[in-house]
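*Asks:* Just passing along the structure, written as C-alpha cells.
Please treat every number below as a calculation from the coordinates, not as lab data. Owing to the predicted nature of the structure, the values given are computational and were not obtained by experimental measurement. When we count neighbours, we look across all protein chains shown, and the Cβ atoms used for this are built from the backbone with ideal geometry, even at glycine.
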Amino acid sequence: MIDFCSIRRVQTALRRFEQTLRKKTGLTLNEAFSLCTITSGIHEPGQIARELELSPSRLSRVLDTLQEKKLITRTISKEDRRNISVSLTERGTEVVNKYKTSGIELPKELMFTQMGTEV
C-alpha cells in the first residue's frame, strides 16, 4: 500500500533540498542534473532530455538558462551538422566541481536503502 504521507515528506524534502542547492550553487535541480548528464558524456539535447525524463521544450529552457549563465555552449555537431552538441564551458566545469564538493547534505527523507525503506 502507498503511504501518501511519506511521499509528501519526500516531496517537501526535495523542494527544501533544491532551495539549498540554489542558495549554494545558483542552480535548480534540472540545471544541476543537466550539467551532470553532460559531464557523463551525453551531449545531444534529445538524449539529455530522455536521460532526465524532460520534454524537449523543458530541456531547451533549461539549456537556455545554462547558456545565459555561461555554463554551457551549444554548437553544431561535428558528426551530423543537423544536430546540436552541448558542452560545458570552463566555468561550467568549475561549477560542477564546486557542487560535487559543496557539502550540501541530503535530507534524511531522501535517503533510502536498496529495499526502498527509509534509513
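*Asks:* Using the reciprocal of the averaged 1/r over all distinct C-alpha pairs, how large is the Kirkwood radius of segment 4-110 in Å?
*Replies:* Hydrodynamic radius (Kirkwood, Cα pairs) of segment 4-110 is 14.7 Å.
*Asks:* What does the extension gain come out to for Thr65 and Thr89, with contour length at 0.36 nm per residue minus their alpha carbon separation?
*Replies:* Length gained, Thr65 through Thr89: 7.3 nm.
*Asks:* Using a simple charge model, +1 on the beta-carbon of Lys and Arg, -1 on the beta-carbon of Asp and Glu, nothing else, what dipole does segment 4-110 show about its Cα centre, in debye to the nearest 20?
*Replies:* 380 debye
*Asks:* Residue by residue through segment 10-21, which ³J(HN,Hα) values in whole Hz follow from phi under the Karplus form 6.51 cos²θ - 1.76 cosθ + 1.60 (θ = phi - 60°), with glycine and proline marked x?
*Replies:* These are the phi-based 3J(HN,Hα) values: 5, 4, 5, 5, 5, 5, 5, 4, 5, 4, 5, 4 Hz.
*Asks:* Further question on the same structure: Can you give the longest stretch of the chain with no exposed loop site, where a site means trypsin sites (Lys or Arg not before Pro) in a DSSP loop (not H, G, I, E or B) with at most 13 other C-beta atoms within 10 Å?
*Replies:* 1-69
*Asks:* So for segment 1-93, averaging the separation of alpha carbon pairs under 8 Å that are six or more residues apart and normalising by length, what relative contact order in percent results?
*Replies:* 22 percent
*Asks:* What is the set of long-range amide H partners of Ser85 at a cut-off below 5 Å, with H atoms built 1.01 Å from backbone N?
*Replies:* Under 5 Å from the amide H of Ser85 lie the amide H atoms of Thr75, Ile76, Ser77, each far enough along the sequence or on another chain.
*Asks:* Can I ask one more? Place +1 on the Cβ of every Lys and Arg and -1 on the Cβ of every Asp and Glu in the chain, take the dipole about the Cα centre, and give the residue among Asn97, Ile7, Pro45 whose Cα lies farthest towards its positive end.
*Replies:* Selected residue: Asn97.
*Asks:* Specify the angular offset, from 0 to 90 degrees and rounded to the nearest 10, of the alpha carbon long axis of helix 56-68 from the longest principal axis of the alpha carbons in the chain.
*Replies:* Between helix and principal axis, roughly 70 degrees.
*Asks:* Using Cα positions and a limit of under 22 Å, work out the lysines in reach of Lys108, with same-chain residues fewer than 8 apart set aside.
*Replies:* Lys23, Lys24, Lys100
*Asks:* OK, next. Taking only Cα atoms, what is the 0 to 90° angle, nearest 10, from helix 29-39's long axis to the longest principal axis of the chain?
*Replies:* 50 degrees
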